[in-house]
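Everything below concerns the one structure shown next.
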Amino acid sequence: MGNGTPLGQVRGLGAAREGTHHWWHQRLTAGGNLLLVLWFVLSIARLPAYDHATLTSWIGSFWVAIPLALLVISVFYHFRLGLQVCIEDYSHGPGRIAWIVALNAFVLVAGAIALFSIFSIAFTSGAAA
Amino acid sequence: MLKECVLATQPVRTRPLSPHLTAWKWGPHMLVSILHRATGDGMAVVGTIVFVWWLAALAGGDARYAGFVDTFTTSAGHLNILGYVIGIGMTWAFFQHLASGIRHLVMDTGAGFELRANKTFAILTIVFSVLATIAFWAYLLVGK
C-alpha cells in the first residue's frame, strides 16, 4: 500500500485514486442484466408472432421501450467491461491501445444505433401504452 | 556394487507436482471459468451484431425487416441452419453465462470455495444451461 500519508494508507486507493470501480460496476450491471435479459428472453418466447407489425407494436409500448433501452445500457456497459478484461489479458504491447479504442467505438456506435432504433420505433408506431 | 544395490532397492519417492503450467488436468471449475468468458465474449460480439441489426431493421420498416428475417429463415418461414445455430447458440450462451455469473457472485462473497461444493456448483451451471436451453426451444417449437 506504499508509504503515503496515514490517511492515504487507510483509504488504500494508491496513486490512481481508484481501483475497484470496474469490478464493482461489472457486478452492478450483472444484477441489471439478470433481470432485464431474463425479461427480454421470456417476453420474446411468449410473443404470438415475429412479424414486423407485431414486434414494432410490442416495442412501441411504454412498458417495453423503456426496459429495452435500460437493457441496452446495462448490457452494453457490462460487455464493454468484460471485453476490456479479455483484451487486457491477451493483448500486450502497443496493439492493446488500438483494441481498446476499437472496443469503445464498437460499443458506442452499436449502443447509439440500438437506442435510436428503439425510440424511433416507439415514437412512430403510435401505441403510447 | 553395494551402493548400486541400495539405490536400486530404494523406492522412488513420489513427490507432489507443483500445479504449474504443464502439470494440470481439466476440472469442471476450469471448464466453467473459460465457458463464462467464451459465452460472454461470444454474446458481446455475435449477439450484439444480431441484436442491433434486428432493432435497426425493425426501425427501418417492413422491407428492411424482411431482409433480416430472410437471412435466418427458409422460404417456408422456418429457421434455417444459420438461424438455428445462432438462436440456440445465443440462448445456451445466455443461460450458461447467467448460471456461471451467479456462481461468480456467490464466490465474490467468499463462499463456495470448498473443493466438493465448488465442483458441484460448477457442474450444476452446465446442467442448468443445457436444460434451460432445451426447455426454451421446446416451448418455442412445440409448446406454443
Among the residues listed as A:Ile66, A:Ile73, the single one being more than 9 Å from chain B (Cβ to nearest Cβ), surrounded by fewer than 14 Cβ atoms within 10 Å (Cβ to Cβ) and of a type in the set (A, V, I, L, M) | A:Ile66
Show the residue pairs that are 6+ apart or on different chains and have beta-carbon atoms under 9 Å apart, the first residue being within the stretch B:44-60 and facing chain A (nearest Cβ under 8 Å), the second being among the basic types (Lys, Arg).
-> B:Ala44/A:Arg80; B:Ala56/B:Arg64; B:Leu58/B:Arg64
Within the stretch B:25-35, is even one residue within 12 Å of chain A (Cβ to nearest Cβ) and crowded, with 16+ Cβ neighbours inside 10 Å?
-> no
Note on the stretch B:99-144: residues open to solvent by less than 50 Å² (accessible area, probe 1.4 Å) and outside any helix (DSSP H, G or I) are B:Ala111, B:Gly112
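May I ask you to list the residues in the stretch A:46-66 that are out of contact with any helix residue (DSSP H, G or I) (no Cβ under 6 Å at 6 or more places or on another chain) and not aromatic (Phe, Trp, Tyr)? Walk me through how you get there before you give the answer.
Within the stretch A:46-66, the first condition is being out of contact with any helix residue (DSSP H, G or I) (no Cβ under 6 Å at 6 or more places or on another chain), and the residues that meet it are A:46-51, A:53-54, A:57, A:61-63, A:66.
Matches in the stretch A:46-66: A:Arg46, A:Leu47, A:Pro48, A:Ala49, A:Asp51, A:Ala53, A:Thr54, A:Ser57, A:Ser61, A:Ile66.
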Considering the stretch A:37-63 alone, what residues qualify as being at the interface with chain B (Cβ under 9 Å from one of its Cβ atoms) and surrounded by 18 or more Cβ atoms within 10 Å (Cβ to Cβ)?
-> A:Val37, A:His52, A:Leu55, A:Thr56, A:Ile59
Going through (1) aliphatic (A, V, I, L, M); (2) more than 9 Å from every other protein chain (Cβ to nearest Cβ); (3) over 19 Å from B:Val50 (Cβ atoms) one by one, A:Val85 fails only at (2)
Number of the condition not met by B:Asp41 [criteria: (1) charged (D, E, K, R); (2) at the interface with chain A (Cβ under 9 Å from one of its Cβ atoms); (3) in a loop (DSSP other than H, G, I, E, B)] | (3)
Looking at B:Asp62, is it exposed (fewer than 15 other Cβ atoms within 10 Å of the Cβ) and farther than 27 Å from A:Gln26 by Cβ?
-> yes
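The values are calculated or read from the model by the stated rules, or taken from the named source; none is laboratory data. Since we're looking at a predicted model, the values are computed, not measured. Please note: Cβ atoms are built from the backbone with ideal geometry, for glycine as well, and neighbour counts cover all protein chains shown. These area figures cover heavy atoms from the full protein model, side chains too; ligands, DNA and RNA do not enter into them. Shrake-Rupley method; radii C 1.70, N 1.55, O 1.52, S 1.80 Å.
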